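None of the figures in this text is laboratory data; all of them are computed from the coordinates on show. This is a predicted model, so every value here is computed, not measured. Using ideal geometry, Cβ is built from the backbone for each residue, glycine included, and neighbour counts are taken over all protein chains shown.
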Amino acid sequence: KKLVASRLFDAACALLYGGDNVQPMVERIEERDGMLCVSYATVARQGANPVPCTPLTLDGGDPGEFEFVWRDAMCAVPAPATVEGAEVCIPLPERRPDILRYAWRNNPSRGLLVDGRGTPMPPFAYDLKRGAMIEPSVRAGGDVDAGTGRA
């Protein structure tokens, strides 16, 4: 909660007093040699050029909270990940998944990614077939669906 509060405080200060509100984001997701490689960048203000950043974990271990989703089976499976240089790399399973998600649970806690300032990386859902981010839709009752067909 402290990290989120700090992030909100930085955003509010930038809005009220001007200046930069540096926020991390996914810059790109590429498939190479049977791996998905996620690159992150920080953006100081809207329209500014992103600056690559190296992801770290809060607990110093391997990244957690990545999962693969198959729409036809309506299931999600944890995806092992490692930080390799400035990227997070996730090996693809034999059966190609439909979606890669990060920190999509209600209370993600294992191996959370942060940038060099300790600002948490935002959650995302990426459609591997379309090669694009999935915009979350809020369903009745407040549940968020990332294209899985499940509430």
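Sites listed here are GluC sites (Glu not before Pro) in the range 8-117 whose DSSP assignment is loop and whose Cβ has at most 16 other Cβ atoms within 10 Å: Glu94. 3J(HN,Hα) along the range 97-106: x, 8, 9, 10, 10, 10, 6, 8, 6, 5 Hz, from the Karplus curve 6.51 cos²θ - 1.76 cosθ + 1.60 with θ = phi - 60°, whole Hz, x for Gly and Pro. The simple spin-label model puts a point 7 Å past each Cα toward its Cβ; for Leu58 and Met133 those points are separated by 2.1 nm. Close amide H partners of Phe124, meaning residues 5 or more places away or on another chain with modelled amide H under 5 Å apart, are Tyr102. Extension gain, Arg95 to Arg28, is 21.9 nm, computed as 0.36 nm per intervening residue step minus the present C-alpha separation.
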